[in-house]
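*Asks:* Can you read through this structure? Questions will come right after.
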Amino acid sequence: MLNRFGLLLLLLLALGVAGCSDDDDPVAVAEAYDFTTILADYTDGVVIATYAAMKDACGDLATACAGLAAAPDQPGVDAAAAAWVAARAPWEASEAFLFGPAASMNLDPALDSWPVDRQQLDDVLASSFDLTPAFVAEGLGPALRGYHTVEYLLFRDGQPRPVGDFTARELAYVAAAAAVLADDATTLWAAWAEGIDGGSAYGDVFRGAGGPGSGYPTQAAAVQEMLEGMIAICDEVANGKIADPYDENDTSLVESQFSFNSLTDFANNLRSVRNAYLGEHHLAASDGEGLTDYVATADAALDLRLQAELDAAIAAIGAIPAPFRDNLAAAAQIEAAQAAIQTVMTTLAADVTPLVLR
């Protein structure tokens, strides 16, 4: 059964295809275009570069949490909290490409399930289980690991917790959960960059779309996967991450509510779309050939419009009063941000996607 996003995408694609004339056939344009460099730069300069930054930052977070558990003090809490914020940025900047290993290996829910199951976490903390990384990774579900469990243990009301508020069990748990988070981030990077257990690197599969051994029969099929990832995160931010707490006026539905990092998360989600489109990685200042180059060849005005819409959406998110959790009544700014993100989603689905349909 199609979900809301699937139905919307089908409608928008139908409208986009219906608007194409025989004299300006997007299929003919796509078939004549060589996407090899775009796919390579997207794979290496966007996806793998983002996951490499995430792997390194999550490693720093694990080190900080291990140090805090070994010698608890307030500077240690502050350092771990700062490391969490730094590690969060590349993950949120990766959400335009949650296909491949992030989905097939269930790494997305392992890394980023929310909300935190606080009652179950309290039960585990009150138990006699040995709170090791192996126990967290193998004995508990996604709601008790990943970014948000670590966030919950490190932050209260947007600030690092006072060190005196931690129990010994909480310190052990945050160190274990951060170690598991770092392992998961490394696995995700390796799945794209090197391959896991002797299997093919997904980067090779994606980069080689249309060739032998790739799961993508054509280069256009891989480009369509890129676009579907970009559209999906726009839908999730506008109609999930923002809409759910706003429509229900329920702060418990706000993602990254303990650190007050929500609006930064949302903006980085849109930056992930922009990175994927431009073929760049804003955190590493890389700049490759992107889908923008193909779209500009087919429709220069559309390319410029989409870039402007992406910038406008990021700016509109930044105009929502912070922290998001405490400003769910800021209707004008919230609805303006939703509308700006939905404009990007519509342009991607109705105008850009038909340019690569086979």
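*Asks:* Find how much the distance from Ser252 to Ile196 grows on full extension, using 0.36 nm per residue of separation minus their present alpha carbon separation; answer in nm with one decimal.
*Replies:* 16.5 nm
*Asks:* Would you kindly give the portion of the calculated P(r) for segment 173-248 that falls above 21 Å, as a percent of all Cα pairs?
*Replies:* 55 percent
*Asks:* Also, quick follow-up: What part of the accessible area of the chain, given as a whole %, is carbon or sulfur when the probe is 1.4 angstrom?
*Replies:* Exposed carbon and sulfur together represent 54 percent of the surface.
*Asks:* Let me ask something else about it. Can you give the relative contact order of segment 173-227 as a percent, counting alpha carbon pairs under 8 Å and 6+ residues apart?
*Replies:* After rounding, I find 16 percent.
*Asks:* Here is a follow-up. For helix 262-278, what angle does its Cα long axis make with the longest principal axis of the chain, in degrees from 0 to 90 and rounded to 10?
*Replies:* Computed tilt is about 30 degrees.
*Asks:* What FRET efficiency, computed as 1/(1 + (r/R0)^6) with R0 = 41 Å and r the Cβ-Cβ distance, is obtained for Asp311 and Gln74, rounded to the nearest 0.05? Each step should come with its number before you reach the end.
*Replies:* Details: r = 39 Å, r/R0 = 0.96.
Calculated value: 0.55.
*Asks:* List, largest first, the extents of the alpha carbons of the chain along their principal axes, each in whole Å.
*Replies:* Here the Cα extents, ordered largest to smallest, are 70, 52, 40 Å.
*Asks:* Please give the contour-minus-distance gain from Glu335 to Asp157: 0.36 nm per residue of separation, less the Cα-Cα distance, rounded to one decimal in nm.
*Replies:* 61.6 nm
*Asks:* Helix 331-346 versus the longest principal axis of the chain: what is the Cα-based angle in degrees, 0 to 90, to the nearest 10?
*Replies:* Roughly 50 degrees between the two axes.
*Asks:* Now for a different question. Which peptide among 151-161, 228-238, 296-306, 104-114 comes first, and what is the full order, when sorted by highest mean count of other Cβ atoms within 10 Å?
*Replies:* By packing density, highest mean first, the sequence is 228-238, 151-161, 104-114, 296-306.
*Asks:* Net charge within 11 Å of Leu107 by Cβ-Cβ distance, Lys/Arg positive one each and Asp/Glu negative one each, not counting Leu107 itself?
*Replies:* Residues near Leu107 contribute -4 overall.
*Asks:* Then there is this: Return the tail of the calculated pair distribution for segment 44-115, meaning the percent of Cα-Cα pairs more than 18 Å apart. It would help to have the intermediate numbers written out before the result.
*Replies:* On the way: 1164 of 2556 pairs.
Considering segment 44-115, 46 percent of its Cα-Cα pairs are separated by more than 18 Å.
*Asks:* Given segment 208-322, what whole percent of its Cα pairs are spread farther than 23 Å?
*Replies:* Counting pairs separated by more than 23 Å, the tail of P(r) holds 40 percent.
*Asks:* A further question on this structure: When the C-alpha atoms of segment 83-213 are aligned to their principal axes, what extent does each axis show, in angstrom, from largest down?
*Replies:* 58, 30, 20
*Asks:* Another question, then. Measuring with a 1.4 Å probe in the full set of protein chains, what accessible area per residue, in whole Å², belongs to the chain?
*Replies:* Spelled out: the 1.4 Å probe surface of the chain, per residue, equals 40 Å².
*Asks:* Tell me the relative contact order for segment 267-358 as a rounded percent, counting alpha carbon contacts under 8 Å between residues six or more apart. Write out the running numbers ahead of the final one.
*Replies:* Numbers: 76 pairs, mean separation 21.8, N = 92.
Worked out over segment 267-358, it gives 24 percent.
The values are calculated or read from the model by the stated rules, or taken from the named source; none is laboratory data. Note that the coordinates shown come from a computational prediction; the quantities given were computed from them, not determined experimentally. Every residue, glycine among them, receives a Cβ derived from its backbone with ideal geometry; neighbour counts consider all protein chains shown. Accessible surface is based on the protein model in full, side chains and every heavy atom, while ligands, DNA and RNA are left aside. Shrake-Rupley method; radii C 1.70, N 1.55, O 1.52, S 1.80 Å.
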